[in-house]
Amino acid sequence: MPEGKFCNKTPINTEEQLKATLGDKGGKQYYEEMNHLDVDSDKLWAAIQKTMKSRTKTWLEICAHCGLCAESCFLYQVNGRVPEQVPSYKIQSTLGVMVKKKGKVDNEFMQMCMETAWSKCTCCNRCGMYCPHGIDMGVMFGYLRGLLYSQGFVPWELKIGSGMHRVYRAQMDVTTEDWVETCEWMAEENEEDWPGLEIPVDKVGADIMYTCNAREPKHYPEDIAEAAILFHVAGENWTVPSEGWEQTSLSMFAGDWECCKDNVLNVYAALERLKPKRAIGTECGHAHRATVIEGPYWAGRPDGQPPVPYIHYVEWLAEALRTGKLKIDPAKRIKEPVTLQDSCNYVRNQGLKNVTREIISYIVEPGYFVEMAPNREHNYCCGGGGGFNGIGLYREQRNVALRKKMEQILDTGAKLVIAPCHNCWDAIRDLEEEYKIGIRWSFLKPLVIKMLDVPEHLRPTEE
Amino acid sequence: MFKKILLATSGAPSTFGAARVAFDMAKRYGAEVVVFNVMGVPTKAFSQVVNDVRTGEEIEVDDEYRAWVEEELKSTFEKQIESVEYAKIVTTTGVPSREILRAARAEDADLIVMGASSGDSSAYRKGYPGSTLQRVAKAARCPVMTVHRETASYWGGFGNIVFATDFSKQAEYAFRFALNAARELDCDLTLFHALDISGKVMDQNAIEDKIITARNRIRETYGPLMGDFKNFDIEVWEGVPYVEVVKIARERSADLIVLAHHSRELDPDLASIGSTMEQVILRAGCPVVSVSKPDKV
């Protein structure tokens with residue numbers, strides 16, 4: 001059987017398809033259909049010829065199979081150091097073979113590639129730093145995912161995830177009305193504690209346009225409220241767009257390139273429409289990578305930059321604390337051992353390592369911050385990056401992957417982990433659920449709000 | 001004043017007291033009951049998996065599961081649903097406190113009724129520290145009624161209301177709710193203040209002076225708002241506030257305690273135990289209403 005009802009080469013483009021695919025509990029039928037899915041070798045080879053550029057060709061060619069990348073990979077470390085987990089092996093045995101065979105590969109091979117691309121690599125890009133040639137297996141796995149997606153070999157949840165983006169232009173079923181309504185609700189819920197608090201929607205010409213992660217309106221709207229409170233206290237002139245507010249890109253995890261481009265163009269359209277001086281995204285790693293680092297290229301922007309300067313939340317927060325827009329009450333600083341999770345997507349991939357540590361210097365009492373080892377750009381993935389967190393089929397592998405982070409956290413002795421990234425936050429939460437090591441975890445926003453020195457005129461009047 | 005009651009329930013026996021009170025009120029006062037159930041707490045990032053609130057097991061919510069949960073709720077509350085004119089079941093997934101607030105807002109509920117504790121092992125708490133009640137009580141626009149002890153749910157209707165004040169702004173909203181309820185339901189109303197002398201050794205004259213001052217303050221603060229309502233009296237007792245509130249409620253055979261909720265603290269370690277409201281809820285022999293906003297009083 002070439003194309004299945006759920007598992008096929010066609011992306012999900014309608015709400016009906018989306019609901020039907022969701023209705024296939026756990027992707028049971030989906031994965032059964034995958035066993036019969038034909039590989040369109042001609043299309044695959046054509047895609048490779050069209051999209052595989054010199055960098056990838058060179059990387060595949062020059063890899064000396066030296067194995068120096070092995071230890072750099074946390075999945076190699078936690079999986080008994082088996083040769084099958086060496087990054088160079090993982091990419092050569094998948095993409096490498098696919099290219100060598102000019103796309104003439106079978107179903108079994110494609111399923112092996114799928115398992116490797118989504119359960120043996122989180123695209124954390126750490127291996128690229130340790131390869132003497134600078135070969136980045138993570139980048140190549142991102143590319144391989146695109147090829148696999150185009151042939152229908154993608155985990156069920158990610159087919160749905162990119163389908164959500166296609167249908168709702170958000171990773172979850174949050175409509176424009178839901179979003180705007182949630183902003184109103186959060187302003188209303190907090191107006192008493194924060195007199196004058198607003199969440200301005202579609203304000204043209206503001207200093208800041210804020211974008212977030214659909215999980216926030218869907219499940220954790222207090223995150224939006226917290227962003228609003230901090231902008232409010234800092235006296236920022238800010239807004240959120242009614243359309244183009246969703247910054248994340250499960251399509252990037254899925255390898256749905258067409259959808260990646262659509263996501264980011266949607267955000268950029270909001271920037272063109274509202275003309276803010278700059279944009280700020282929430283505490284999310286992959287959203288930043290998608291919209292700020294990779295997005296400009298997907299969108300075909302010649303300068304490789306978003307339409308306006310687009311910074312990560314930690315950059316704004318550090319700036320607000322540095323310039324005194326936000327003041328911390330020294331008595332309320334964190335006075336317990338605390339550690340910090342570096343998000344691969346904006347630390348290793350964009351170099352924001354010192355920014356988060358600057359924030360730490362304001363909010364943690366000196367002597368209480370404990371670095372993980374290794375840290376900064378050398379830190380390990382949380383264990384759930386690149387879509388790993390959300391794939392039921394690879395739950396067990398993901399749980400094993402969490403062990404590296406668990407060991408790192410245990411070694412610090414800290415019971416509080418600051419995780420300014422949705423994905424890391426999730427992985428660390430799941431880590432606690434799975435291994436019960438007795439830790440707490442938090443985004444920056446709620447921690448900072450708790451220790452703010454709020455100016456008199458912004459405090460609620462007490463009666 | 002009670003046109004629509006949102007009964008937040010996990011369907012577990014620990015919420016049966018809350019259900020009994022909610023349906024009883026609906027029957028007496030002609031209200032609609034929305035039986036609201038958060039069947040699963042999201043887990044695992046963006047996947048479709050949730051932790052079932054009853055079993056803690058990981059499940060995938062689909063139409064079939066949803067229908068099954070609704071059927072369970074329907075049979076659990078069958079007799080009660082039949083006893084009222086309007087009732088409906090609404091289920092969803094999400095973080096319980098957040099979804100209860102969302103539903104109360106969407107339904108424009110006049111009152112939220114819920115149990116006080118889902119137990120430490122429940123999926124409600126799993127991964128989401130902090131008590132559902134604390135979060136709901138803090139942010140709800142409408143009063144929140146809690147029924148914790150089984151015995152607190154066997155009153156029929158309301159006849160005696162104890163309103164305990166700490167003279168905060170929120171206490172004024174709570175007062176308005178208590179007065180309106182007393183008026184509308186023809187109840188006796190006790191305006192009460194507990195003079196906190198816990199952990200202090202005070203001169204008896206000083207205590208008595210403070211009691212007199214507090215009585216006057218109640219009279220001055222709430223007296224002018226009484227209008228033609230006459231069935232009230234004023235009491236000030238010294239002691240540990242939550243103990244005194246529970247004691248006067250018992251002494252007056254109160255069937256409803258009304259308190260203000262105004263803790264800003266949402267840190268679960270600091271907020272979950274210790275507040276007067278929480279202690280009163282745990283100990284009271286009748287339903288407790290907490291009010292934090294002026295909208296629905």
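Values quoted throughout were computed directly from the atomic coordinates according to the rules given, and no laboratory measurement underlies them. Quick caveat, the model's predicted, so the values are computed rather than measured. FYI the Cβ positions are ideal-geometry reconstructions off the backbone, even for glycines, and counts take in every protein chain you see.
Could you list log10 I(q)/I(0) for chain A at q = 0.10 Å⁻¹, which the Debye formula gives when each Cα is one point scatterer? These q points yield log10 I(q)/I(0) values of -0.74.
The smallest convex shape that holds all Cα atoms of segment A:123-178, its convex hull, gives 97 Å³ per residue.
For trypsin sites (Lys or Arg not before Pro), the sites in segment A:365-463 that DSSP calls loop and that have at most 12 other Cβ atoms within 10 Å are A:Lys436. Pair-distance distribution of segment A:330-450: all C-alpha pairs, bin width 5 Å, starting at 0; shares per bin in whole percent are 2, 12, 23, 25, 20, 12, 5, 2, 0, 0. In whole angstrom, note down how far apart the Cα centers of segment A:388-441 and segment A:192-224 are. For segment A:388-441 versus segment A:192-224, the Cα centre distance is 28 Å. Helix A:313-322 and the long axis of chain A differ in direction by around 30°, with both axes built from C-alpha atoms. Taking 0.36 nm per residue of separation and subtracting the current Cα-Cα distance, fully stretching the chain between A:Lys19 and A:Tyr368 would add 120.8 nm. With a 10 Å cut-off around each Cβ of A:426-432, the average count of Cβ atoms from other chains is 3. Here segment B:215-239 is scanned for amide nitrogen atoms under 13 Å from the site 7 Å beyond the Cα of B:Ala206 along Cα-to-Cβ, giving none.
Model label sites at A:His378 and A:Lys50, defined 7 Å from Cα along the beta-carbon direction, differ in position by 4.3 nm. Label 7 Å along Cα→Cβ of A:Ser93; segment A:113-135 residues with amide nitrogen under 17 Å? Only A:113-122 fall inside the zone, counting backbone N under 17 Å. Looking at the protein assembly as shown only, what percent of DSSP beta bridges run antiparallel? Nearest 5 please. Close to 15 percent.
In whole Å, how far is the Cα centre of segment B:162-227 from that of segment A:37-112? If you average the Cα positions of each part, the centres end up 74 Å apart. Ignoring aspartates and glutamates fewer than eight residues from A:Lys102 along the same chain, the ones with Cα atoms less than 14 angstrom from its Cα are A:Asp40, A:Asp42. Checked against a 25 Å cut-off, the cross-linked pairs A:Lys159/A:Lys445; A:Lys5/A:Lys25; A:Lys100/A:Lys159 give Cα-Cα distances beyond that limit for A:Lys159/A:Lys445; A:Lys100/A:Lys159. Using Cα pairs under 8 angstrom and six or more residues apart, how large is the relative contact order of chain A, in percent? Computed over chain A, the figure is 15 percent. If the segment from A:Asp38 to A:Asp202 were pulled out straight at 0.36 nm per residue, it would be longer than the present Cα-Cα gap by 54.4 nm. Across segment A:17-30, rounded Karplus estimates of 3J(HN,Hα) from the backbone phi angles (6.51 cos²θ - 1.76 cosθ + 1.60, θ = phi - 60°) give 4, 4, 5, 5, 5, 4, x, 7, 3, x, x, 4, 5, 4 Hz, Gly and Pro being marked x. Counting each DSSP H run of 4 or more residues in chain B as -39500 (n - 2.57), what helix-only mean residue ellipticity at 222 nm follows after dividing by all residues, to the nearest 500 deg cm²/dmol? After summing the helix terms and dividing by the residues of chain B, the value is -11500 deg cm²/dmol.
Adding -39500 (n - 2.57) for every DSSP H run of four residues or longer, then dividing by how many residues chain A holds, sets the calculated 222 nm ellipticity at -13500 deg cm²/dmol. Given a cut-off of 21 Å, what percent of all Cα-Cα pairs of segment B:154-297 lie beyond it? The proportion of pairs with Cα distances above 21 Å equals 42 percent.
Of the trypsin sites (Lys or Arg not before Pro) found in segment A:38-91, those in coil by DSSP whose Cβ has at most 15 other Cβ atoms within 10 Å are A:Lys53, A:Arg81. With N as its number of residues, segment A:39-154 has a Cα radius of gyration that, divided by 2.2 N^0.38 Å, comes to 1.00. Separation of segment A:126-183 from segment A:302-369 is 26 Å, based on Cα centroids. Does chain B come out rounded, prolate or oblate, given a ≥ b ≥ c as the square roots of the eigenvalues of its C-alpha gyration tensor, rounded meaning a/c under 1.5 and, failing that, prolate meaning a/b above b/c? Verdict is prolate for chain B.
Taking trypsin sites (Lys or Arg not before Pro) across segment A:150-239, none is in a DSSP loop with at most 12 further Cβ atoms lying within 10 angstrom of its Cβ. Extending 7 Å from Cα along the Cβ direction at A:Leu458 and again at A:Val82 yields two label points whose distance is 5.4 nm.
Taking the C-alpha atoms only, the angle from helix A:176-190 to the longest principal axis of chain A is near 30 degrees.
The mean number of Cβ atoms from other chains found within 10 Å of a Cβ in peptide A:150-157 is 1, as a whole number. List, in the order given, every pair from A:Lys53/A:Lys90; B:Lys27/B:Lys88; B:Lys4/B:Lys169; A:Lys57/A:Lys90; B:Lys138/B:Lys293 whose Cα-Cα distance in the structure shown is over 18 Å. Violating the 18 Å Cα-Cα cut-off are A:Lys53/A:Lys90; B:Lys4/B:Lys169. Membrane-span-like helices in chain B (whole DSSP H runs, Cα extent of at least 18 Å along the helix axis, mean Kyte-Doolittle hydropathy of at least 0.0): B:16-29.
Taking every C-alpha pair closer than 8 Å and separated by at least 6 residues, the mean separation divided by the residue count of segment A:106-240 gives a relative contact order of 19 percent.
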